[in-house]
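The values are calculated or read from the model by the stated rules, or taken from the named source; none is laboratory data. Everything numeric here is computed off the predicted structure, so don't read it as measured data. FYI the Cβ positions are ideal-geometry reconstructions off the backbone, even for glycines, and counts take in every protein chain you see.
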Amino acid sequence: ADAAVIPALVIGTGYGGSVAALRLAQAGVDVHMVEMGMAWDTPGADGKIFANTTTPDQRSFWLRTKTKQPLSNFLGFPIDKAIPRYTGVLDAEEFAGITVYQGRGVGGGSLVNGGMAVTPKRENFGDVLPTVNPDEMYGTYYPRANAELGVNMIRPAWFDTTDAYQYARVGRKHAQRSNFPYVFVPTVYDWNYMEQEAAGTVPKSALVGEILYGNNYGKKSLQKTYLSKVRATGRVTISPLHRVVNVVPATGGYKVTIEQLNTNGDPIAVKEVTAAKVFFAAGSVGTSKLLVKLKATGALPNLNGEVGKGWGDNGNVMCGRANHMWDPTGALQSSIPTLGIDNWAAGGAFAEVAPLPTGIETYASFYLSITKTPNRAQFTWNAAAGKVDLNWQTAWKSVSINAAKTIFDKINSKEGTIYRTDLFGVYKIWGDHLTYHPLGGAILNRATDNYGRLQGYPGLYVIDGSLIPGSTVVNPFVTITALAERNIEKIIATDL
Ligand code: FAD
């Protein structure tokens, strides 16, 4: 083989990319990972790698001069503030009809997410990945993903007594009183560590409200799981602050064009490498944007017409409820949610009881609902503007609001309470402008074959959330990881 050809290049270092890199390296393949975000391995002036949620700074947002917090207001007042422009960890990427939150850096979404690690109920799996055999997923790949990610459960006795989950106990009580099933949600936060935080024996992370802009201690991000194993193989190099901008067929595989970025987001160098195999793991939005552009601009013209289609928001919608004075939710709130209200079968909603880690008593219950929705959007190339558009309609969220209402209208009527109207603007009940869970854009068995191979281009693969047709019925990263494990096993067995 040509020494100048990289055997495998992986675009992105989130869940799909980390799984691909680990399994390829373990199979003896040298891998190069390219990541547009920062490495997040060096503490700042305050001794911490990541900024706290209550004191956002340059580290918090990807190339913004003002924060764009999911909760924009409190008691009617806007709470966003000015920050220096920097290649920070959380991207609030704006399309015409929706803001899509994503992680930027080595570890992808695992750096910023809530750590909720939920395997969908098997009876709902047909709605998630209709062309994948559930026996192999529930027998092999979900258990493998859960083990590698370090998924664990809160100790129920601790949940029942700690101040940090009073907000979740109030959420559970209200669910019970309205006869909704509730479940404990497994997470990748180290629960033993959180108990030590509460005992005051270790530096605090979840219990000082770290979430969204990174967790400094207790969360097992990919840096502590898959990527630590990746490094131990000695076969993988990672280039942070490098963004893939082009992929074209070339002798020996594909010529990949990569821009090196400075921390202002500006390209400071352009590099070209040839790779025998290229894995698109830039996330649902990142992979879709790349493939749509590469097809439209003639770099990969034979990509099929399904590229860019089937994108969904996992039905995300947020709301708050105003509780009575006798139902305080607590000044101390762990940033890691661990209780869910399951009304999927009856009303199409799975709602997490989420924290409002403000440090003061708010008497508010706050929820992120995942809902069943029919609408799917498409990414298209906008040649005039030289960028990729998404045709999501804000009005489509009404389906999600109605599904969430099947839970919260009932709870409000039972408790004699009302919705909060001060969290997403002035007199606005629903947080319906965003998603944390972008899915689809290169759907399995449509834009690719049933294992993520891009037909017409041997050696090109998709291996991230863009394979999933718009919904995982619960939080997505366990499913993204398990699907990547399934696909890479097949690819290693047949394509190497
Ligand atoms: P990602 O993890 O998004 O990784 C893609 C990587 O590719 C990124 O690091 C990106 O910077 C990089 N990239 C993109 N384009 C390029 C390019 N052109 N060149 C080089 N690199 C590129 N899910 C859950 O299951 N549970 C939760 O509790 C949860 N909470 C969340 C909270 C927040 C605030 C957010 C934003 C997400 C949350 N999610 C949660 C969603 C979850 O994090 C994502 O579904 C998951 O990270 C997607 O994995 P992925 O492998 O598809 O891509």
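Quick notes on this structure:
- Looking only at the stretch 390-423, and only at residues there that are in a helix (DSSP H, G or I), among the charged types (D, E, K, R) and touching a Lys or Arg at 6+ places or on another chain (Cβ under 8 Å), the one that is surrounded by the fewest Cβ atoms within 10 Å (Cβ to Cβ): K414
- Enumeration of residues in the stretch 175-200 that are part of a loop (DSSP other than H, G, I, E, B), surrounded by fewer than 17 Cβ atoms within 10 Å (Cβ to Cβ) and touching a helix residue (DSSP H, G or I) at 6+ places or on another chain (Cβ under 9 Å): N179, P181
- Neighbours by Cβ (under 8 Å, 6+ apart or cross-chain): first from the stretch 17-37, more than 17 Å from I258 (Cα to Cα); second modelled with pLDDT under 95: A27/L496; V29/L496
- Residue match in the stretch 443-465 (condition: in contact with a strand residue (DSSP E or B) (Cβ under 9 Å, 6 or more places away or on another chain) and either under 22 Å from V185 (Cα atoms) or part of a helix (DSSP H, G or I) (or both)): yes
One line per residue, one yes/no per condition, for (1) modelled with pLDDT under 95; (2) farther than 28 Å from G17 by Cβ; (3) within 21 Å of the chain's Cα centre (by Cα):
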{"residue": "A354", "(1), (2), (3)": "no, no, yes"}
{"residue": "I360", "(1), (2), (3)": "yes, yes, no"}
{"residue": "Y367", "(1), (2), (3)": "no, yes, yes"}
{"residue": "T373", "(1), (2), (3)": "no, no, yes"}
{"residue": "K387", "(1), (2), (3)": "no, no, no"}
{"residue": "F408", "(1), (2), (3)": "no, yes, no"}
{"residue": "G416", "(1), (2), (3)": "no, yes, no"}
{"residue": "L439", "(1), (2), (3)": "no, no, yes"}
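- Complete set of residues in the stretch 244-257 that are among the β-branched types (V, I, T), more than 24 Å from the chain's Cα centre (by Cα) and not in a loop (DSSP other than H, G, I, E, B): V247, V248, V256, T257
- For the stretch 159-174, taking the residues that are assigned to a helix (DSSP H, G or I) and among the β-branched types (V, I, T), the one that is nearest to the chain's Cα centre (by Cα) is identified as V170.
- For the stretch 67-78, the candidate set comprises residues that are under 19 Å from T99 (Cα atoms) and surrounded by 15 or more Cβ atoms within 10 Å (Cβ to Cβ); within that set, the residue that is farthest from the ligand (Cβ to nearest atom) is N73.
- Screening Q102 with (1) within 15 Å of the ligand (Cβ to nearest atom); (2) over 30 Å from T421 (Cβ atoms) gives one miss only, at (2).
- Any hit, the stretch 46-54, residues being within 16 Å of the ligand (Cβ to nearest atom), part of a loop (DSSP other than H, G, I, E, B), within 17 Å of the chain's Cα centre (by Cα) and β-branched (V, I, T): no
- Subset tally (residues that are touching a Lys or Arg at 6+ places or on another chain (Cβ under 7 Å) and either away from the ligand (no atom under 12 Å from the Cβ) or not in a loop (DSSP other than H, G, I, E, B) (or both)) for the stretch 206-229: 1
- Look at (1) buried (at least 22 other Cβ atoms within 10 Å of the Cβ); (2) assigned to a helix (DSSP H, G or I) and you find that L368 fails only one, number (2).
- Within the stretch 186-202, residues that are under 12 Å from R155 (Cβ atoms) have Cβ atoms under 8 Å from residues that are basic (K, R) and more than 16 Å from the ligand (Cβ to nearest atom) in these pairs: W191/R155; E195/R155, counting only partners at least 6 apart in sequence or on another chain.
- Residue pairs meeting the criteria (Cβ under 6 Å; at least 6 apart or on separate chains; first under 15 Å from T119 (Cα atoms), in the stretch 457-479; second in a strand (DSSP E or B) and more than 8 Å from the ligand (Cβ to nearest atom)): S471/G312; V474/F350
- Hey, A250 in contact (Cβ under 8 Å) with a residue 40 or more places away in the chain and away from the ligand (no atom under 12 Å from the Cβ) or not: no
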